[in-house]
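In what follows, a structure is listed as structure tokens, so that the remarks can point back to it.
The values are calculated or read from the model by the stated rules, or taken from the named source; none is laboratory data. In this text the structure is predicted, and so the values were computed from the model without any measurement. Here the Cβ is made from the backbone with ideal geometry for all residues, glycine too, and neighbour counts use every protein chain on show. Protein only, heavy atoms only, side chains kept; ligands, DNA and RNA dropped before computing areas. Shrake-Rupley method; radii C 1.70, N 1.55, O 1.52, S 1.80 Å.
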Amino acid sequence: MLKSDPAAINSAEFFDRSRARLGFDVPPGLVDPNIIPKSGDQGTDRMLEIIAREQPVRPAAVLIPVVDHPQPTVLLTQRAAHLNDHAGQIAFPGGKIDATDASPLDAALREAEEEVGLSRKFVEPIGYLDLYATGFGFRILPMVARVKPGFRLSINKSEVDDAFEVPLAFLMDPANHQVHSKEFRGMERSYYAMPFAERYIWGATAGILRVLYERICLT
């Protein structure tokens, strides 16, 4: 388990800090293979350098939908079991950026509508989080957004098996941030996991949530 200070932050303060600390500038590393996002883990950073030489960059965008309940939650999805990439894993709504998307934000909103039917009229974009790279060549740009309650979802079963909400307080509590390790070509690299009830949140999703904690919840 990772040792860190707990996140003593309420809903209003979370959104206020997010607006103050995030922006809408798109980082050049989203498409430039020569700019490799840093993870803070030596093994992972070395893996990303190798991947950048071997695979083309795959730009993607995801929505971090923070639902503004009295006790806010984060809307997550479980990817369909038949998919070729990351089947059955817990994810944010989102996906690859298409040529027809006006921006990464537009891609994230489009994917959220296509995957779970989250209407844009309920979504207030707040700003981009740090660029996140994966071992599959994806460069993921997360958009933090405030979501007004009252929306109705329509699950696209060709892409998503389920959608569910996890309390923001749980995800922003470092006591729930497990650190595991695995091997990549003889090198050890670490990754985060945040098990919640029967859901196993790990990999890029847990890593992005950890970045959210460090950017917004730490003073």
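For the range 72-93, the count of residues that are open to solvent by 60 Å² or more (accessible area, probe 1.4 Å) and modelled with pLDDT of 90 or more is zero. Within the range 156-168, if we keep just the residues that are open to solvent by 30 Å² or more (accessible area, probe 1.4 Å) and modelled with pLDDT of 95 or more, the residue that is farthest from G88 (Cα to Cα) turns out to be P167.
Against the numbered list (1) at pLDDT 95 or above; (2) closer than 13 Å to I90 by Cα, L212 comes up short only at (2).
Does E13 satisfy the condition of being out of contact with any His (no Cβ under 7 Å at 6 or more places or on another chain), open to solvent by 60 Å² or more (accessible area, probe 1.4 Å) and either farther than 20 Å from L168 by Cα or of a type in the set (G, A, S) (or both)? Taking the combined requirement at face value, the residue does not satisfy it. Note on the range 53-69: residues that are in a loop (DSSP other than H, G, I, E, B) and either under 13 Å from T134 (Cβ atoms) or without any contact (Cβ under 8 Å) to a residue 40 or more places away in the chain (or both) amount to 2. Restricting to the range 173-204, give me the number of residues that are in contact with a strand residue (DSSP E or B) (Cβ under 9 Å, 6 or more places away or on another chain) and either at positive phi or open to solvent by less than 10 Å² (accessible area, probe 1.4 Å) (or both). Qualifying residue count, the range 173-204: 6. Could you tell me which residue of the range 16-29 is surrounded by the fewest Cβ atoms within 10 Å (Cβ to Cβ), considering only residues that are in contact with a helix residue (DSSP H, G or I) (Cβ under 7 Å, 6 or more places away or on another chain) and in a helix (DSSP H, G or I)? That would be R21.
Scanning the range 32-52 for residues that are within 13 Å of G135 (Cβ to Cβ) and either surrounded by fewer than 14 Cβ atoms within 10 Å (Cβ to Cβ) or over 21 Å from the mean Cα position of the chain (by Cα) (or both) returns R46, E49, I50.
Applying the condition of being basic (K, R) and surrounded by fewer than 17 Cβ atoms within 10 Å (Cβ to Cβ) to the range 109-140 and asking which residue is nearest to P93 (Cα to Cα) yields R120. Out of R53, R58, R46, one residue alone is farther than 26 Å from A169 by Cβ and out of contact with any Phe, Trp or Tyr (no Cβ under 9 Å at 6 or more places or on another chain). It is R53.
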